[in-house]
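Participant: My questions will all concern the structure given below.
The values are calculated or read from the model by the stated rules, or taken from the named source; none is laboratory data. As the structure is a prediction and not an experimental result, all values here were calculated from the model. Glycine also receives a Cβ, built like all others from the backbone with ideal geometry; neighbour counts cover every protein chain displayed.
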Amino acid sequence: MAKFNENFLELKESYLFSEVAKRVSAFQQKEPDRSVIRLGIGDVTLPLGKTVVQAMHSAADEMGKAESFRGYGPEQGYDFLREAVVGHYRSFGVELDTDEIFVSDGAKSDTGNITDLFSKDNTVMIPNPVYPVYVDTNTMNGRNIVFINGTAENDFLPMPDKSIHADIIYICSPNNPTGACYNREQLREWVDYALENDAVILFDSAYECFISDSGLPHSIYEIEGAEKCAVEFCSLSKTAGFTGTRCGYTVVPKAIKSVSGDGRAMSLNKMWNRRQCTKFNGVPYIVQRAAAAVFSEAGMAEAKAMIAHYMENAKIIADTMNDLGIRYTGGINSPYIWFECPFGMDSWQFFDFLLEKAGVVGTPGAGFGENGDKWFRLTAFNNKENTIEAMKRFRSVLQ
Ligand code: MLT
């Protein structure tokens, strides 16, 4: 009989957002006439930009003609897109080589898939609360996880604890779920810690485009030495509305060295390339053309307009928290607002309360780890009208 991977027994029965969707659908079946506003999963609502759609159309036309049809593309992504990503990094003052960029179907897959490159006996350091994918994928592999606490006291920005050794460190900044964002000095400490411990930082920058404070770093490579210890994951999901179109990129610098158990030097860049060539056949050509269009001048202007729209919603939510005197983080350099549950409720109680009383869906903080037990996340990704209405209902059930 096939033996299954018993590490799956250690996982919660369902993935956080599937659980939320299940509860919302049960509520809607029970109360079909109630209007429900979704500020739960971070899924975008604005359509793709015109420039992106035009690029998709032209690519679809190319695929329909014998002379321009394309079959399998390079597993790492087409050069036109990898070069566009290099150009985007240059805008933060970061120089990368094209062969350090790997195009993928998004940061979610890659932050999980990267675990293929690391031995099971590494210790993984993961903040708590955190995007559940990091914990679940390492749990599936049976790795030892040490959690570092994000709390209101440290503004949900845990710093390295030099008394603990880790081999792999996950950092997400701007953070999902807390919306908190590390500054340069804080990232400097993380890079120093990683270099001292021969550790690798897995840096998720999926929300970098929401940074409005010009002093904050968009990429970990803005910190000197990070190219020797950090892999960075980014995505167009939130930058340009690609949640349903699927395209992201992972940077694996050639300068990162790893070692095998018997001390042989390995290049993480070569290993990732080998992994991708074996397990991945690349992102569709049409999608890569659309993604490259995001990095054009017109495409970036459209993306920025979308982000500005979502950040107006974030402000509407943050203003509500301010008016009601609720403690929160995020909403300034991030589309997430992370707040303390009112009335001393725990986060699943507050989830039910908000859904039942106001017809508003959020995400319970407990789904991101124990430190989120009394916290709750709302997203700015709905439209303005719904966000205003959701906050009107929020105020009326809380006052
Ligand atoms: C979230 O709501 O946390 C995100 O949508 C998750 C994701 O990007 O996979």
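Participant: Tell me which residues, restricted to region 325-384, are touching a Leu at 6+ places or on another chain (Cβ under 7 Å) and aliphatic (A, V, I, L, M).
Facilitator: ILE337, VAL360, VAL361, LEU378
Participant: Within region 360-385, how many residues are over 14 Å from PRO132 (Cβ atoms), in contact (Cβ under 8 Å) with a residue 12 or more places away in the chain and either within 11 Å of the ligand (Cβ to nearest atom) or charged (D, E, K, R) (or both)?
Facilitator: First pass over region 360-385, keeping only residues over 14 Å from PRO132 (Cβ atoms): 360-362, 373-376, 378-385.
Retained after the next criterion (residues that are in contact (Cβ under 8 Å) with a residue 12 or more places away in the chain): 360-362, 373-376, 378-384.
Restricting the remaining residues to those that are either within 11 Å of the ligand (Cβ to nearest atom) or charged (D, E, K, R) (or both) gives 362, 373-374, 378-379, 381, 384.
Total meeting the criteria: 7.
Participant: Among ILE201, ILE256, ILE220, which is free of Cβ contacts under 8 Å to residues at least 40 places away in the same chain, in contact with an Asp or Glu (Cβ under 9 Å, 6 or more places away or on another chain) and β-branched (Val, Ile, Thr)?
Facilitator: Result: ILE201 is the single residue among ILE201, ILE256, ILE220 that is free of Cβ contacts under 8 Å to residues at least 40 places away in the same chain, in contact with an Asp or Glu (Cβ under 9 Å, 6 or more places away or on another chain) and β-branched (Val, Ile, Thr).
Participant: Moving on. Working only within region 217-261, note down all residues that are more than 16 Å from the ligand (Cβ to nearest atom), surrounded by fewer than 18 Cβ atoms within 10 Å (Cβ to Cβ), modelled with pLDDT of 95 or more and in a loop (DSSP other than H, G, I, E, B).
Facilitator: GLU224, GLY225, LYS254, ALA255
Participant: Of the residues that sit in region 107-121 and are crowded, with 20+ Cβ neighbours inside 10 Å and out of contact with any helix residue (DSSP H, G or I) (no Cβ under 6 Å at 6 or more places or on another chain), which one is farthest from PHE376 (Cα to Cα)?
Facilitator: ILE114
Participant: While we're looking at this one, here's another question. Just give me the residues in region 8-55 being within 16 Å of the ligand (Cβ to nearest atom), assigned to a helix (DSSP H, G or I), out of contact with any Leu (no Cβ under 9 Å at 6 or more places or on another chain) and hydrophobic (A, V, I, L, M, F, W, C), in sequence order.
Facilitator: Here is the first cut: in region 8-55, the residues within 16 Å of the ligand (Cβ to nearest atom) are 12, 14-24, 37-46.
Then drop every residue that is not assigned to a helix (DSSP H, G or I), which leaves 16-24.
Now narrow it down to the ones that are out of contact with any Leu (no Cβ under 9 Å at 6 or more places or on another chain): 16-22.
LEU16, PHE17, VAL20, ALA21 - these are the residues of region 8-55 that are within 16 Å of the ligand (Cβ to nearest atom), assigned to a helix (DSSP H, G or I), out of contact with any Leu (no Cβ under 9 Å at 6 or more places or on another chain) and hydrophobic (A, V, I, L, M, F, W, C).
Participant: To continue, here is another question. Taking region 174-198 on its own, how many of its residues are more than 24 Å from ASN144 (Cβ to Cβ) and in contact (Cβ under 8 Å) with a residue 12 or more places away in the chain?
Facilitator: 11
Participant: Going through LEU81, LEU96, LEU117 one at a time, which residue ends up being closer than 18 Å to ASN281 by Cβ and either among the hydrophobic types (A, V, I, L, M, F, W, C) or more than 21 Å from the chain's Cα centre (by Cα) (or both)? Working first, answer last.
Facilitator: Details: LEU96 fails: closer than 18 Å to ASN281 by Cβ; LEU117 fails: closer than 18 Å to ASN281 by Cβ.
Result: LEU81 is the single residue among LEU81, LEU96, LEU117 that is closer than 18 Å to ASN281 by Cβ and either among the hydrophobic types (A, V, I, L, M, F, W, C) or more than 21 Å from the chain's Cα centre (by Cα) (or both).
Participant: If you don't mind, there's one more thing I want to ask. Just the residues that are under 29 Å from LEU195 (Cα atoms), touching a Phe, Trp or Tyr at 6+ places or on another chain (Cβ under 9 Å) and of a type in the set (D, E, K, R), please, taken from region 226-261.
Facilitator: Within region 226-261, GLU227, GLU232 qualify.
Participant: Separate question: Going through region 314-340 one residue at a time, which ones are surrounded by fewer than 24 Cβ atoms within 10 Å (Cβ to Cβ) and on the phi > 0 side of the Ramachandran plot?
Facilitator: GLY325
Participant: Go through region 111-121 residue by residue and tally those that are in contact with a Lys or Arg (Cβ under 7 Å, 6 or more places away or on another chain) and modelled with pLDDT under 95.
Facilitator: Counting residues in region 111-121 that are in contact with a Lys or Arg (Cβ under 7 Å, 6 or more places away or on another chain) and modelled with pLDDT under 95 gives 1.
Participant: Are any residues in region 137-170 touching a helix residue (DSSP H, G or I) at 6+ places or on another chain (Cβ under 8 Å) and within 16 Å of the ligand (Cβ to nearest atom), and if so, which ones?
Facilitator: Listed by number, the residues that qualify are THR137, GLY150, TYR170.
Participant: Take ASP99 and decide whether it is within 15 Å of the ligand (Cβ to nearest atom) and in contact (Cβ under 8 Å) with a residue 60 or more places away in the chain.
Facilitator: Answer is no for this residue.
Participant: Next up: Take the residues of region 139-155 that are surrounded by 16 or more Cβ atoms within 10 Å (Cβ to Cβ) and within 14 Å of PRO127 (Cβ to Cβ): which is nearest to the chain's Cα centre (by Cα)? It would help to see each step written out before you state the result.
Facilitator: First, the residues of region 139-155 that are surrounded by 16 or more Cβ atoms within 10 Å (Cβ to Cβ): 139, 141, 143, 145, 147-148, 150.
Those still in the list that are within 14 Å of PRO127 (Cβ to Cβ) too: 145, 147-148, 150.
Working: ILE145: 20, PHE147: 18, ILE148: 18, GLY150: 17 Å.
The selected residue is GLY150.
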